[in-house]
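S.K.: The structure under discussion is supplied below as structure tokens; questions concerning it will follow.
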Amino acid sequence: MGSERKSDVDNALSSEIAIAVGRSVDKMCREIAGRVQRVDGLKASLLRLRSLLDAAHGGGLEERKAFSLVFLTLGENMAIIEADAACAGLLGEPAERLLGRRLTCFIIPDEREHWTRVFSDTLAHEGSQSGELALQLADGSVMDVRFTSRSWRTPEGYSVLRMALADVSACKSVGLELSRWHDEDEACRVISADNWLQGIIEQSLAGIYLIQEGRFAYANQGFADIFGYASPAEIIGKVSVGELIVPEERAKVAENIRRRMEGEVPEMRYSFTGLRKDGQRVEVEVHGRRMEYEGKPAVIGVILDITERKQAEQQLRIAAAAFEAQEGMLVTDADQVIPRVNEAFSAITGYSASEIVGQKPKILSSGRHDKAYFSEMWESIVKIGAWQGEIWNKRKNGTIFPEWISITSVKNPAGDVTNYVATINDITERKAAESEIEYLAFYDQLTRLPNRRLLLDRLQQALASSARSGTEGALLFIDLDNFKDLNDTLGHDKGDLLLKLVAERLSACVREGDTVARLGGDEFVMMIEGLSSVPEEAAAQSKLIGEKVLKSLNQPYPLADREHHSTPSIGVTLFSDQKNDIDELLKRADLAMYKAKQAGRNTLCFFDPDMQAAVAARTAMESDMRVGLRDGQFLVHYQPQVNNLGELTGVEALLRWQHPSRGLVPPAEFIPVAELSGLILPLGDWVLETACRQIVAWNGKAETAGLSMAINVSARQFRHPDFVSHVLEALGRTGANPSRLKLELTESLLLSDVEDVIAKMSALKERGVGFSLDDFGTGYSSLAYLKRLPLDQLKIDQSFISDVVANSNDAAITGAIVALAHQLGLSVIAEGVETEAQRDFLIRHGCHAYQGYLFGRPVSIEELDWMLELGAICPGTGG
């Protein structure tokens, strides 16, 4: 520390503390001289206090040391790094032994936390502080000192706190003087002899007490008021000390009294929680010392109610903790000059406290907001005393960032603004999260293209724009052909890679203002705006774009170590104004895309009004089917299955729909609609339940007990996660014999997730249910998978049987299927047998089970039972 600088600081500090001490002493002298002139015992004190006053008002530093003025320098953590020789007289230890020790170790415990926070804050903000401390010395005595301190930075760049301290114990209070007179048995005589002084004590708001032998020998009205008693008479000689102390602190207070009674500590200052007469708690502070009263040891003292002070300190601690919260905080004065910020503010802005204190908040201005913005802000602050909102500010390093700021004005009792307090939150991450959420809401994560939601929004805008400009627009619905095969063979990661590449190529095919969106899966939509106002020309323009897409997507794709070829099917529809419904436009483009699929894929088709008619008819049929399912319009008909002797071995249950106005609807019309709409699931469950009940009915008759029941199961029905449990529950509810139930599956099931198919079949096979592979030879089943399936039967499709006699290819295929079934140990049945020549061919090639019009058409159960009774068809010995 520079000697000149230190000398200047010391002179300034000594002047300040001398003035403070002088004022206290001068006030005390006036009070003593004016009020207690008749008390001879106070004259000596008056003279001594006057001498202190004279010293305090002396001209130089040496003269001021007459009232024990000492200097200390504190460094980091309040450690004493410099102490003058006078410290030995004040603190009771040589200066060299003080170095490195913390000043806060000398402060009485009850005040230590408070002053540690105050000194740390003064050191951190290079400020000044003054006040009174109570120091507890090595011998246990308590000394009241007056201090003044200033924080400054040394030439080496270190922050230090320079302090001047003066012992003001001699002039602390009249109460302490009275305590010293009691040590000489003088105070009792003064109190009893001077009614005027007695009145002062009795009227004092502070509690004054005398403890002897664990009870109160004296208490004034102030003491009674503090503890909730009507008068001292209720306390003196009647109430023990412990009764006025909360249980958890009685031992501490008793020990403090014992130490004073036995002379270990002549005087002591501490606080505890008292107990009022009504049971409420009161925080008190005690200043007491030992004395002799009537020849016995006693403790006399002054007690103060510090409940409000404690509460205020607690509020200050809470406020301090809140100030150092994670939110940045900034305080300005009425002129918007910053005196203080917290650490969170520094972390957010990059400015340290020393860099920002003394500046104005405009140092953070980013330049993004105009005068109108700040005018509106200040209008709110002036009008309602607060404002909050989002603002862009600039950090110390120059980066612009968003923050949420709340500003509140602080006013004094007169209503004048004294400060402004701002709470700031860095919302950079929140803004990024909001952007990400918005992105996720409107964009496809895989391809980074707009999703369906954003497409619909843009399409709505495009319709409005088209209506204003009179131009046409176009929607191109793009679906990748056989995309599922890629996922099944190369895996979903390769499928995702293909989708990304397709997205890139589609984006390259359109103008900047057009939109390419991914609806999901392998479905994409292009929205083209600003085409010709003439529909024919607009169609030609959109066709050119579609052909460009076809050419681009037909180029090979590099997937891992191989090239992959993929083709699209594209449906196109035009739009021109807001009369077009958005969902309807997408449906039209979708229908046109399916038309392209039907045309052989890898082509482009425009929407045809005839398609719309077909869609409307399908929608109407779906609605009628729901009504039919509710009203019991569906029926089960049964077609006989026979052996080579013509004997009935079983039946196939076939779903029929008896429409109230259309009559019997062909299955080829309503089954596809049921598949697409999902109605096939409840219909399939109903057929299964009905067939199982029929098995139970037949089981009661000997001639029909051995008949089997074949049921068609759709791919959608079989893939349902609860399919196995649905079958077992139907069997359990009806009591049907599982061995009489045969489920017919199509080869299309084997095109995906064969392991799931095998698992479900095996679970039902274990319960006795049989399986037949329907329409065998028309699908794409692998022989490798075929041998793993727990099948019982292959069913030759009627497309081979219809021309088996005349067509050598059909004959060869049919013979091969029969031979394959025998090789696999499976039975074989042919469907669609309508002539004896077909039956004879099948017999010659080893097929001995048949189904077709030659043996019977599908009929109701009543007709079938009637045929059995008449002998028109004879049951065999079992299926």
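S.K.: Enter the mean projected area of the convex hull around the alpha-carbon atoms of the range 323-432, in nm², rounded to one decimal. Working shown, then result.
M.R.: Working: hull surface 28.1 nm².
That works out to 7.0 nm².
S.K.: Taking the alpha carbon gyration tensor of the range 585-717, what are the square roots of 5 times its eigenvalues, largest first, to the nearest whole Å?
M.R.: 38, 18, 12
S.K.: Taking 2.2 N^0.38 Å as the expected size of a compact globular protein, what ratio does the Cα radius of gyration of the range 489-577 give against it, to two decimals?
M.R.: 1.21
S.K.: May I pose another question? Using the heavy atoms of the protein chains alone and a 1.4 angstrom probe, what is the accessible area of the range 687-823 per residue in square angstrom? Write down the numbers at each step before the final one.
M.R.: On the way: 6010 Å² over 137 residues.
Result: 44 Å² per residue.
S.K.: Something else now. Based on the mean of other beta carbon atoms within 10 Å per residue, what is the order of 75-84, 362-371, 522-531, most packed first?
M.R.: Peptide ranking by packing, descending: 522-531, 75-84, 362-371.
S.K.: Tell me the label-point distance for the pair Q460, A508, using the 7 Å Cα-to-Cβ offset, in nm and rounded to one decimal.
M.R.: In this crude spin-label approximation the distance works out to 3.4 nm.
S.K.: Just tell me which lysines come within less than 25 Å, Cα to Cα, of K360; anything on the same chain fewer than 8 places away is out.
M.R.: Filter leaves K371, K383, K394, K396, K411.
S.K.: Okay, next question. Hey, can you grab everything whose amide H is under 5 Å from the amide H of F771? Only 5+ residues off in sequence or another chain; H modelled, so Pro and N-termini drop out.
M.R.: L743, D792, Q793
S.K.: At a Förster distance of 41 Å, what's the computed FRET efficiency of V534 paired with K500, Cβ-Cβ distance as r, to 0.05? Working shown, then result.
M.R.: On the way: r = 37 Å, r/R0 = 0.90.
Efficiency computed from Cβ-Cβ geometry: 0.65.
S.K.: Continuing with this model, one more query. For the range 684-828, which whole percent of the accessible surface, found with a 1.4 angstrom probe, sits on carbon and sulfur atoms?
M.R.: Looking at the range 684-828 in its full context, I get 51 percent from C and S.
S.K.: FRET efficiency for R117 and Q280, Cβ-Cβ distance as r, R0 = 22 Å, nearest 0.05?
M.R.: With a Förster radius of 22 Å, E is 0.15.
S.K.: Using a Förster distance of 56 angstrom, determine the FRET efficiency expected from the C-beta separation of K396 and E669, and round it to 0.05.
M.R.: My answer for the efficiency is 0.15.
S.K.: Shifting gears a bit: For R340, what residues show an amide H to amide H distance below 5 Å, using hydrogens built from the backbone and excluding near sequence neighbours?
M.R.: Counting only residues 5 or more places away or on other chains, the set is V331.
S.K.: Please grab the % of Cα pairs in the range 69-137 that end up more than 21 Å from each other.
M.R.: I get 20 percent for the Cα pairs in the range 69-137 exceeding 21 Å.
S.K.: If a paramagnetic tag sat 7 Å from the Cα of L870 along the Cα-Cβ line, which residues of the range 629-644 would have the backbone N under 20 Å from that point?
M.R.: 637-642
S.K.: Okay, moving on. Need one number: nm distance between label points at E834 and R448, each 7 Å from Cα along Cα→Cβ, rounded to one decimal.
M.R.: Simple spin-label model gives 6.0 nm for this pair.
S.K.: Moving on. Let me check the size of the range 739-879 from its C-alpha atoms; what are the radius of gyration and Dmax in Å?
M.R.: 16.2, 48
S.K.: Using the basic label-point model (7 angstrom from Cα toward the beta carbon), what is the K296 to L137 distance in nanometres?
M.R.: Roughly 3.1 nm, to one decimal.
S.K.: Extension gain E76-S469, at 0.36 nm per residue separation less the Cα-Cα distance, in nm?
M.R.: Contour length minus the Cα-Cα distance gives 133.9 nm.
S.K.: Compute the length gained on full extension between A697 and R562: take 0.36 nm times their separation in residues and subtract their Cα-Cα distance, giving the result in nm to one decimal.
M.R.: The A697-R562 span can extend by a further 42.6 nm.
S.K.: What is the gain in length, in nm to one decimal, between K362 and T154 on full extension, counting 0.36 nm per residue of separation less the C-alpha to C-alpha distance?
M.R.: Answer, rounded to one decimal: 71.9 nm.
S.K.: What order, most packed first, do the peptides 721-730, 680-689 have when packing is the mean number of other Cβ atoms within 10 Å of each residue? Don't skip to the end; give the middle numbers.
M.R.: Working: 721-730: 15.5, 680-689: 19.5.
Averaged packing, sorted descending, gives the order 680-689, 721-730.
S.K.: Here is the link list: K238/K310; K548/K597; K701/K787; K494/K787; K431/K484. Which ones come out longer than 27 Å on Cα distance? Working shown, then result.
M.R.: Values: K238/K310 29 Å; K548/K597 18 Å; K701/K787 37 Å; K494/K787 29 Å; K431/K484 39 Å.
The answer is K238/K310; K701/K787; K494/K787; K431/K484.
The values are calculated or read from the model by the stated rules, or taken from the named source; none is laboratory data. Predicted model, so just to flag it, every value in this text is computed and none were measured. Heads up, the Cβs are rebuilt from the backbone with ideal geometry, glycines too, and the neighbour counts pull from every protein chain shown. Accessible surface is based on the protein model in full, side chains and every heavy atom, while ligands, DNA and RNA are left aside. Shrake-Rupley method; radii C 1.70, N 1.55, O 1.52, S 1.80 Å.
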